[in-house]
Amino acid sequence: MPLVRCTTVAELRAELAVMRRAGRRVALVPTMGALHEGHLRLVDAARRLADEVVVSVFVNPLQFGPREDLARYPRDLERDATLVHDRGASLLFAPTIAEMYPEGATTRVRPGPAAERWEGAVRPGHFEGVLTVVAKLFHLVGPEVAVFGRKDVQQAMLIRRMVADLDFPVEIAVVPTVREADGLALSSRNAYLSPAERTDALALSRGLRAARELWQAGERSAGRLRDAVAGVLASVDGLVPDYIAVVEPGQLAPVATTPAGTVIAIAARVGATRLLDNTILGEDDV
Ligand code: PAF
């Protein structure tokens, strides 16, 4: 099947109307492009969950702070189109900024207090931007299911919260992080890393693995698991941690002890690049 490509809301609605008339179940995979295998696994998951997969590619200016990488964020729409087509997506929606935020558009979705910690504390306004664009995409596409990656664990949690709080009729599926063979979590921002920085960046997954191993050996103190991660990160000169969060999965509030399901989330700067990673204790490997 050819990939249908839309850049305007009108084209998108017309194409979706055809799918709806045919009784097709629609999945949405929202992305900012620069797609890698991690995104493509979201498309694979979406295909298993629905008849038609809509992928959006939109570098959303609302979620970037004034000193962040909006201008240099990697973009390659033709490559993205080929990749999602090869994985069986039916429709690629790649709107312009003016199409998504026409002159005078000022309404925003304000997240609750769980958006103020961790990523939200380091990147004020980031989650307001994410929730606003995701809410718009949900209204535009009206998917039965939307698929997100677990690497952005706080984003996934806040989207679930928004869907529950604002009664969006959509199921949220969250797919585990995809890693390189050496443990590095896939990210569009890995493209910024020099070879030496890429080596430094491996400390994130190594730190998480150290904490997991302690946990598997019976350690349940959040402080000691956090210290294990911090020790690994501190051993790398070129890496500056923003936070190491040991938190419960509902609101990502800090915990003292760590039952199965506890999330350890890290953000760290490697050179000029900010990287995220996390693990859920008792669930998966790093
Ligand atoms: O995870 C991302 O790539 C973005 O935050 C999202 C969900 C596509 C919203 O712009």
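Worth a mention:
- Among the residues of the range 131-160, those identified as in contact (Cβ under 8 Å) with a residue 60 or more places away in the chain, over 25 Å from Thr8 (Cβ atoms) and not aliphatic (A, V, I, L, M) are Gly149, Arg150, Lys151, Asp152, Gln154.
- The helices (runs of 4 or more DSSP H) located wholly in the range 73-130 that include 1 or more residues which are under 17 Å from Leu252 (Cα atoms) and in contact (Cβ under 8 Å) with a residue 40 or more places away in the chain occupy 119-122.
- Screening Ala211, Ala181, Ala135, Ala164 for residues that are open to solvent by 30 Å² or more (accessible area, probe 1.4 Å), in a helix (DSSP H, G or I) and among the small types (Gly, Ala, Ser) leaves exactly one candidate, Ala164.
- Residues that are away from the ligand (no atom under 14 Å from the Cβ) and closer than 20 Å to Met19 by Cα, drawn from the range 140-167: Gly142, Glu144, Val145
- The range 44-71 residues that are in contact (Cβ under 8 Å) with a residue 60 or more places away in the chain and closer than 18 Å to Arg20 by Cα, paired with ones that are part of a helix (DSSP H, G or I) and away from the ligand (no atom under 12 Å from the Cβ) (beta carbon under 7 Å, 6 or more apart): Val54/Val141
- Leading residue by the ranking (farthest from the ligand (Cβ to nearest atom)) among those in the range 39-73 that are in contact with a strand residue (DSSP E or B) (Cβ under 6 Å, 6 or more places away or on another chain) and small (Gly, Ala, Ser): Ala50
- Residues in the range 271-286 that are within 18 Å of Arg220 (Cα to Cα) and surrounded by fewer than 15 Cβ atoms within 10 Å (Cβ to Cβ) were compared, and the one that is modelled with the highest pLDDT is Gly282.
The values are calculated or read from the model by the stated rules, or taken from the named source; none is laboratory data. What you are looking at is a predicted structure, and each value in this text was computed from that prediction instead of being measured. Note that each Cβ is placed from the backbone with ideal geometry, even for glycine, and that neighbours are counted across all protein chains shown. When the accessible area is computed, the model is the full protein with side chains, heavy atoms only, and any ligands, DNA or RNA have been set aside. Shrake-Rupley method; radii C 1.70, N 1.55, O 1.52, S 1.80 Å.
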